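Below is one structure, written out as structure tokens; the observations come after it.
The values are calculated or read from the model by the stated rules, or taken from the named source; none is laboratory data. No experiment lies behind these values; they were computed from the predicted model shown. Here Cβ is always computed from backbone atoms with ideal geometry, including for glycine, and neighbour counts include all displayed protein chains. Side chains included, ligands, DNA and RNA excluded: accessible areas come from the protein's heavy atoms. Shrake-Rupley method; radii C 1.70, N 1.55, O 1.52, S 1.80 Å.
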Amino acid sequence: MEIRRCGALPTRKAPAHAFTGNVWQDPIIETPEPALLKSNLVQFEPGSRTAWHTHPMGQTLYVTSGTGRIQKWGEAIEEIRAGDVVWIAPGEKHWHGAGPNSMMTHISMQEGVGGNVVEWLEHVTDEEYGA
């Protein structure tokens, strides 16, 4: 058993190659093998979002506060809000982030293959975000 005390890992700014705007990540867990789980608390400022991306084993999002947006490639943007749970299937191209006028925080949970939990693709354009 391992207990990691609150504040043991610093909050980090999400990398610009994978996010647009100000996004903050607090690591929750990255389990050692043979477990596969990686989880973060992610806070999106208004208008901020991920790039398009996929997960080899899928992803679950649990929205803890605010209102956000999520979109699956080729489909309409959906609004998500506190209490919503979203399952994204393995290999499904998607993005998610805050609404234009509100922050959004979610817990992301995903498993990896060979240590890889995500494949980052192109940035979501302002036109795509505003559609």
Strands (runs of 3 or more DSSP E) fully within the range 41-102 counting 2 or more residues that are open to solvent by 10 Å² or more (accessible area, probe 1.4 Å), at negative phi and touching a Pro at 6+ places or on another chain (Cβ under 8 Å): none
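Keeping to the range 103-129, report how many residues are in contact (Cβ under 8 Å) with a residue 24 or more places away in the chain and open to solvent by 60 Å² or more (accessible area, probe 1.4 Å). Outline the logic, then answer.
From the range 103-129, those in contact (Cβ under 8 Å) with a residue 24 or more places away in the chain are 103-113, 116-124, 128-129; that's our starting set.
Then keep just the ones that are open to solvent by 60 Å² or more (accessible area, probe 1.4 Å); that gives 103, 109, 111, 113, 116, 119-120, 122-123.
Final tally of qualifying residues: 9.
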In the range 5-39, the residues that are at pLDDT 90 or above, part of a loop (DSSP other than H, G, I, E, B) and open to solvent by 70 Å² or more (accessible area, probe 1.4 Å): R5, L9, P10, T11, A16, H17, L36
